[in-house]
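Single-structure report; data block below.
The values are calculated or read from the model by the stated rules, or taken from the named source; none is laboratory data. Quantities reported herein were computed from a predicted structural model and do not represent experimental measurements. Virtual Cβ from ideal backbone geometry, glycine too; neighbours counted across all protein chains shown.
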Amino acid sequence: MRDVQERLDRLVPEPMHISDWEAVLRDARPRRRSLALQLAAATTLAGLAALFVAAPWNGSERVGVLERALAAAGDGPVLHVVFRSSGGIVVDLKTGERKPLYGEREVWFDPGRDLVRQIYRFGGVVEGDELYERNKGDRELTALWRDYRPALEAGTARVIGEDVVGGVRVYWIIVRALLLPDVADHKNHELAQQVAVSRETFKPVAMRYTRDRHALENETDHILRFETIPLDEADFSSAPGKSLNGVAMMAGSEPIDISQASKVLGHTPFWLGPEFAGLPLGQAQKAFSASGRREQTLVTGERAAEIRRCLSKRPARARHPGCPAHMKSVEIRHGKVYESGPVHFGPQQTGLTLYYGKIGDEPSTFKKEDSSPLYSEPNIVLTEKAKRDLLLLGFGPMAYLPPEGSVLLLPGTSGYLPGTSGYLVRDGVCISIRATGDELVLSAARALRPMG
Amino acid sequence: MRLSRGASVAELERVYRAGFPRFARVATAVAGDEQSGADAVHDAFVQAVRTRRSFRGEGPLEAWVWRMVVNAAKKRAGRRTASEAAETPVEHENGFGDPVRALIAALPERQRLALFLRYYADLDYEAIAAALGVTAGTVGATLNAAHAALRRSLKEAHR
């Protein structure tokens, strides 16, 4: 039978059509009667009619949702959206009062020029400002521009339910859905892109990706503002100094004797004493880092044209005569071709790291040693320096500083180390504390005192 | 007088969501093209929702729906006129016309449908029997006859 099976498989491959249960329900609704009959029914059975129309189909209400969502989407040529990004909690060390604090990503997208400007803020402070040509990674822009409005216009979008998102009552709308096979279970699964619109304004307030109608973890993007605006109202004037384009960093650390701590830092350090919460001061380290920018040269003329031709020939470009040997050193931004050169680092920054916890042989390191901090055991890592620094103080916001007397708690953001990171400013010194939980970070922040 | 068990919209939705790719593939095979196949599945489920109260519960709900899908696909296939079919070029990835398509088209309808339900929907004999309104024994005999006819024709085609 195998030969028959194989031939049949080739004959009719698995269709790529998308299932659409809502369309089935819509078409299965009783057909509308003539106007005269409807009027007669309306006058005699008004109350009952309302009951029957409302359940179980309530489709007309949902069609109204899609129409209003389309109207609320506007028809301006530029998309302007503000997304809420991940954040943390600011804790007052005296009162224990906690306030959530979020990041924001404001985006202007001009599809006519494929141009994107993004400003990142944390706590209202600008952390980054980028101007670039849209790339495939901007899936939210793809979803909100390429898919959302056209799906509403074409009538392929459908309302699938009501919900409350971030305190706002919403309708969830499926914008795009695909049935795709999963090699794990050899079954087809519905992967869908959904947008939640406010039940009051009908503007998008969230978007997410679902598999078989279940939201993927941490995949809901909250939308604080959504509008389509005229070109002259859009802001495509970026601040190049805030751009992360070409930014490069280096960092390292070396163990020092605790007696050298003040000398390394340039002032009396804060510490938690020789032991804290049952964890001994295991190691002091001199931490250093430097940031710089990669040299980038604007390429014009025939050379630029050649590079564009090379990029369009991927992946065979490397064999193409005239192509740069390392195409990774070439990029096109804002329609212009740039070639990257060496990185120029600024002056080295130094800080102090105090490790509280066990010291021993770290099995993941290449060499057997007996003086490595054992990060897999309970520990607290305290790092301090005079200026906020990405690599010395962890991966929290760069420009935002919490008010003195408070700590910004960010879960799981200290690079590869699990736990909670806390950021604070004490007497003008920037301090980060990473520990295995919020309470340990907070108790350490309260226990900080000058070494002496 | 028998009372109908009826089927709920939720039960039909479960059958639809779980089986859509198989329904669509069989319907495509019967109707002749992917769009007609998808339309046939849609038509069948619209009919199933409308007439769900008439489901008697004498067999599985899925078999009841399969019958509707097959009938809807046959109806869609009937809309394709003989002239349209003749004008449609038969292309195959190896560059030659696919003889299997013609051989299957030449099979009696019941054999063709049994083959599609067996191989595209992976239904057992009981389920195929329920979908086609015949006995399981008839399905076995029908499939045997279809296999024999196909093998014979393929051998002849390769001579």
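For the reader, a short list of remarks on this structure follows.
- Checklist (1) closer than 18 Å to B:G37 by Cβ; (2) modelled with pLDDT under 75 applied to B:E87, failing item: (1)
- Pairs with Cβ under 8 Å, 6+ apart, first in segment A:369-380 and of a type in the set (A, V, I, L, M), second in a loop (DSSP other than H, G, I, E, B): A:L374/A:K358; A:L374/A:E362; A:I380/A:L272; A:I380/A:A277
- Summed over segment B:115-154, the residues that are in a helix (DSSP H, G or I), touching a residue at least 24 places away in the same chain (Cβ under 8 Å) and within 12 Å of chain A (Cβ to nearest Cβ) give a count of 10.
- Across segment B:44-58, the qualifying residues are those that are more than 7 Å from chain A (Cβ to nearest Cβ) and closer than 14 Å to B:N71 by Cβ, and the one among them that is farthest from the chain's Cα centre (by Cα) is B:T51.
- Residue within segment A:171-194 that is surrounded by fewer than 13 Cβ atoms within 10 Å (Cβ to Cβ), over 25 Å from the mean Cα position of the chain (by Cα) and within 22 Å of A:E227 (Cα to Cα) present: no
- Scope segment A:195-228; condition over 19 Å from A:Q118 (Cα atoms), under 14 Å from the mean Cα position of the chain (by Cα) and surrounded by 19 or more Cβ atoms within 10 Å (Cβ to Cβ); matching residues: A:R208
- Filter result (under 20 Å from A:L115 (Cβ atoms), crowded, with 17+ Cβ neighbours inside 10 Å and of a type outside the set (A, V, I, L, M)) within segment A:72-88: A:H80, A:F83
- Residue in segment B:35-48 that is in a helix (DSSP H, G or I), under 16 Å from A:L11 (Cα atoms) and at pLDDT 85 or above present: yes
- Criterion (of a type in the set (S, T, Y) and more than 16 Å from A:L79 (Cα to Cα)) met by exactly one of A:T201, A:T228: A:T201
- Count of segment B:27-43 residues, restricted to those that are within 8 Å of chain A (Cβ to nearest Cβ) and in contact (Cβ under 8 Å) with a residue 60 or more places away in the chain, is 1.
- Test: residue in segment A:293-300 that is at pLDDT 80 or above, under 34 Å from the mean Cα position of the chain (by Cα) and part of a helix (DSSP H, G or I): no
- The residues of segment A:120-135 that are without any contact (Cβ under 8 Å) to a residue 40 or more places away in the chain, surrounded by 16 or more Cβ atoms within 10 Å (Cβ to Cβ) and closer than 30 Å to A:V337 by Cβ, listed by number, are A:Y120, A:R134.
- Residue match in segment A:78-89 (condition: within 14 Å of another protein chain (Cβ to nearest Cβ) and either closer than 26 Å to B:A44 by Cβ or at pLDDT below 85 (or both)): no
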